[in-house]
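The values are calculated or read from the model by the stated rules, or taken from the named source; none is laboratory data. Predicted model, so just to flag it, every value in this text is computed and none were measured. For neighbour counting, all protein chains shown are included, and Cβ atoms are generated from backbone atoms with ideal geometry for every residue, glycine included. Heavy atoms of the whole protein, side chains included, go into the accessibility calculation; ligands, DNA and RNA do not. Shrake-Rupley method; radii C 1.70, N 1.55, O 1.52, S 1.80 Å.
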Amino acid sequence: MTGWVKIAGLGPGKETLVTEEVRLILAEATDAVGYFPYVARVPERDGLTLHGSDNRVEVDRALHALEMAENGQKVVVVSSGDPGVFAMASAVFEAMEKDADRFAEIDVEVLPGITAMLAGAARLGAPLGHDFAAINLSDNLKPWDIIEKRLRLAGQAGFAMAFYNPRSKSRPHQFARALEILREECGGDCLISFARNVSLPDETLNTVALAEATPEMADMRTVVIVGNPQTRRIGKYIYTPRFAE
Ligand code: SAH
């Protein structure tokens, strides 16, 4: 049996937002690897072994997937949303790079999923309808200084922005600082939306002016979308025009 690694995005949570391609691979795999809550979303069946692991062990987990594929197993590595967005696809390639001669021949494929910012934007209307930047606010894998710089420059450039991992218990002050920077660069009237548990039964959507935004409006289940200076409300929707003024 020839093994493979498919790195699959499970979408934001709702079953109908899992692509058909991913569904077929989940039905074919012999092993599923990923962070516990994502592996828990894979339907159990005979012939499939689930390997849930803790957060922050991405490269070890990726290595395990490559080793199983080397032994002929059909391994699906699961991420929420899209696996290429702050998730497992890069971790698998990082693990391959550590032992490039050994792993170069392994059949690896990335299967896209609907990422949180696009699912959230769709629920809000069209806040990302013009140019935008996606920024991970976690400083696990980069210094906070870089995050501040990117926020400032994206604000100055007039990008709308989507933030992943906006606020965790281990770094409660950083999102307050991010809001300060955004107010300085974008102004207090700019719209900011908090989309929590998008596509799930307890989904919430909340849009306010940056001047009214507070850090408690976000947690790790929230994707935050800041409009550009033209972003506005139309009825209950938020949209960004396709043109720059
Ligand atoms: N690969 C994932 C992102 C992983 S980072 C993707 O493409 O969506 C984890 C962050 O994604 C969370 O902190 C949150 O900001 C966001 N997120 C993931 N699922 C979400 C959902 N259903 N609703 C809102 N935000 C979500």
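Some points to look at:
- ³J(HN,Hα), Karplus 6.51/-1.76/1.60, whole Hz, each residue of segment 198-210, x for Gly, Pro: 4, 6, 9, x, 9, 3, 10, 10, 9, 10, 9, 6, 3
- Averaging the Cα positions of each part gives two centres, and for segment 93-110 and segment 34-57 these lie 21 Å apart.
- When His173, His64, His51 are compared by accessible surface with a 1.4 Å probe, the order from highest to lowest is His173, His64, His51.
- In plain terms, if you count all Cα to Cα distances in segment 117-239 and split them into 10 Å steps from zero, the share in each step is 14, 50, 32, 3 percent.
- Normalised by 2.2 N^0.38 Å, where N is the number of residues, the C-alpha radius of gyration of segment 37-157 stands at 1.27.
- Residue-span extension gain [Asp219 to Glu28] - 0.36 nm each, minus C-alpha spacing: 65.3 nm
- When only alpha carbons are used to place a centre, segment 202-223 and segment 143-186 end up 14 Å from one another.
- Phi to ³J(HN,Hα) by Karplus 6.51 cos²θ - 1.76 cosθ + 1.60 over segment 141-156, Hz, x for Gly, Pro: 10, 7, x, 4, 3, 5, 5, 4, 4, 5, 4, 4, 5, 5, x, 4
- Cβ-based net charge around Asp219, under 11 Å, with every Lys or Arg adding one and every Asp or Glu removing one: +3
- Fluctuation leader among Thr115, Thr49, Thr30 - the chain, Gaussian network, Cα springs under 10 angstrom: Thr49
- Across the chain, the longest run free of exposed loop sites, meaning trypsin sites (Lys or Arg not before Pro) lying outside DSSP classes H, G, I, E and B with no more than 13 other Cβ atoms within 10 Å, spans 57-168.
- Summing Lys and Arg as +1 and Asp and Glu as -1 over all other residues whose Cβ lies under 10 Å from the Cβ of Gln73 gives a net charge of -2.
- Residues in segment 64-88 reached by a label modelled at Asp46 [backbone nitrogen below 19 Å; 7 Å Cα→Cβ]: 74
- Over the chain, the hull volume per residue, using the convex hull of the C-alpha atoms, is 135 Å³.
- Stretchable slack from Glu67 to Leu205, in nm (0.36 nm times residue separation minus alpha-carbon distance): 45.5 nm
- Acute angle (nearest 10 degrees) that the helix 58-70 long axis makes with the longest principal axis of the chain, alpha-carbon atoms: 30 degrees
- Highest-fluctuation residue, Ala91, Ala100, Ala218 considered, GNM on the chain with Cα pairs under 10 Å: Ala100
- Hits among aspartates and glutamates - C-alpha to C-alpha of Lys169 under 15 Å, sequence gap 8 or more where chains match: Asp139, Glu216, Asp219
- A simple rule links phi to the HN-Hα coupling: the Karplus curve 6.51 cos²θ - 1.76 cosθ + 1.60 with θ = phi - 60°, which for segment 96-111 gives 4, 5, 5, 9, 4, 5, 6, 9, 4, 8, 5, 7, 10, 9, 9, 10 Hz, with x for Gly and Pro.
- Residues whose placed amide H lies under 5 Å from that of Ala133, excluding near-sequence neighbours: Ala160, Met161, Ala162
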